[in-house]
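**Q** Following this message is one structure expressed as structure tokens.
The values are calculated or read from the model by the stated rules, or taken from the named source; none is laboratory data. Since this is a predicted model, take the numbers as computed values, not measurements. Glycine also receives a Cβ, built like all others from the backbone with ideal geometry; neighbour counts cover every protein chain displayed. Surface accessibility is based on the protein's heavy atoms, side chains included, excluding ligands, DNA and RNA. Shrake-Rupley method; radii C 1.70, N 1.55, O 1.52, S 1.80 Å.
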Amino acid sequence: MLDEYLARIRAHRNNIHRYRRLLKSNLSDVERQFIEERLTEEQTVLESLSDETFPLAFSVRKGADMPAS
């Protein structure tokens, strides 16, 4: 099951990279708008899938004192 999730994450990540490359090229306004919409969709799905696959997230609070080593 994890392999399937990782494959889906990889596919969405690859699509995001492809869309970003396309946005650097010479596009019409309609093409650019289409690619930007697809990019937003891919980023949303990737974020959701990543949260589902890796539910634990660690964050450091701003201003929190770090323990001395």
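**Q** Within the stretch 1-17, how many residues are loosely packed, with under 14 Cβ neighbours inside 10 Å and β-branched (Val, Ile, Thr)?
**A** 0
**Q** Would you point out which residue out of 16, 9 is modelled with pLDDT under 95 and of a type in the set (Val, Ile, Thr)?
**A** After ruling out the rest, the residue left standing is 9.
**Q** Which pairs turn up if I take residues in the stretch 40-66 that are over 16 Å from residue 14 (Cβ atoms) and at pLDDT below 70 and look for partners that are not aromatic (Phe, Trp, Tyr) and not in a loop (DSSP other than H, G, I, E, B) with beta carbon separation below 9 Å, at least 6 apart in sequence or on another chain?
**A** Final answer for the pair search is 57/51.
**Q** Go through the stretch 9-25 and give me each residue that's of a type outside the set (D, E, K, R) and without any contact (Cβ under 8 Å) to a residue 40 or more places away in the chain.
**A** 11, 12, 14, 15, 16, 17, 19, 22, 23, 25
**Q** What is the residue count in the stretch 18-60 for residues that are closer than 21 Å to residue 6 by Cβ, open to solvent by 100 Å² or more (accessible area, probe 1.4 Å) and assigned to a loop (DSSP other than H, G, I, E, B)?
**A** Final tally of qualifying residues: 4.
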